[in-house]
Each structure stands twice: as structure tokens, then as C-alpha cells.
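The values are calculated or read from the model by the stated rules, or taken from the named source; none is laboratory data. Since this is a predicted model, take the numbers as computed values, not measurements. Positions of Cβ are generated from backbone atoms using ideal geometry, with glycine treated the same way; all protein chains shown enter the neighbour counts.
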Amino acid sequence: MSSGEHSEAGGPARNASHSEAGGGVIINIASVAMGQVGVGFPNIVHYCASKGGIVGMSEALALELAPLGIRVNVISPGMIETPMIDPIKQDPKTMEGLMSRVPLRRFGKPEEVSDLVLFLASEASSYMTGSTVVIDGGWLAG
């Protein structure tokens, strides 16, 4: 790809009305399960791979779309209180193991993720693009 070409993924965003208006924000959701250090999950390779792909795609789009004033960022949550984790909550041993790895010793709340979305969509984050923001109760820090 030459320096004057763009990927197919960036095409729709380049042609959208918000790019003509001088900007916009794309916020993608990944996961700490994308294979970051200290976080491994067996039997969900497809999930981990897709979440890692979201980060790579978002970083590339951030570079392609920045000249149009379009910012692209990623939120990478840990364990958030959603129906997806209901089976985990039913297994005390699994719960104990997970909570021992999360310094805040609790699941995140959906509102905490939505507050982060609002921040990334706002002017308060106008100098952020190509970033992945982790919201995991300290899981990756430990």
C-alpha cells in the first residue's frame, strides 16, 4: 500500500458526513482477554483473536483518519457485570480465582464503561486517538 492509499476499512469513515463536517469519533470495544500479559483464557481463542484484531484495526484507522479530524480509540474492559459472566458467578472456585487477580476485588459496572465512552466521545479527550484505555479494576497492573 503506498502512502497515498487507504485501507478498505477506512473507506466508509472517510466518506461519511461527519468527515465532511470536520471530524468525528469512533470508539471500539475490545477486552483484556485479547492476550495481554497475565490474562489468559482457554477455549475462547476466537474471542481473544477478534478482540486483538479490534485493537490493531483501530490503531491503523486512527492513523488513516486523523487527517480528517476523526479520532479512533478502544476501550478494553476486564470483567464487567453483564449476562456474559453469569456462568462464572455460579462457580465459587472460579470466582475466587478471578477476584484474587483483580485488586479492586469486584466486577466493573456497565455504567463505568458507559462513562468512559462518554469521556472518549467528548471534547475532554480531543487529543486522544489510537489509544486503548483499560478499565479492569487493576487486573493488568497486578
*Tell me, which residue of region 54-72 that is surrounded by 21 or more Cβ atoms within 10 Å (Cβ to Cβ) and hydrophobic (A, V, I, L, M, F, W, C) is nearest to Ser131 (Cα to Cα)?*
Val72
*Do you know which residues across region 52-74 are assigned to a helix (DSSP H, G or I), of a type outside the set (Val, Ile, Thr) and in contact (Cβ under 8 Å) with a residue 12 or more places away in the chain?*
Gly52, Met57, Ser58, Glu59, Ala60, Leu61, Ala62, Leu63, Glu64, Leu65, Ala66, Leu68
*What number of residues within region 43-53 are more than 20 Å from Val133 (Cβ to Cβ) and touching a Phe, Trp or Tyr at 6+ places or on another chain (Cβ under 8 Å)?*
0
*Tell me which residues, restricted to region 75-102, are of a type in the set (S, T, N, Q) and either modelled with pLDDT under 90 or outside any loop (DSSP other than H, G, I, E, B) (or both).*
Ser76, Thr94, Ser100
_Scope region 104-125; condition in a loop (DSSP other than H, G, I, E, B) and out of contact with any Gly (no Cβ under 9 Å at 6 or more places or on another chain); matching residues_ = Lys109, Ser122
*Verdict on Ala49 being surrounded by fewer than 16 Cβ atoms within 10 Å (Cβ to Cβ), part of a helix (DSSP H, G or I) and either modelled with pLDDT under 95 or out of contact with any Cys (no Cβ under 9 Å at 6 or more places or on another chain) (or both)*: yes
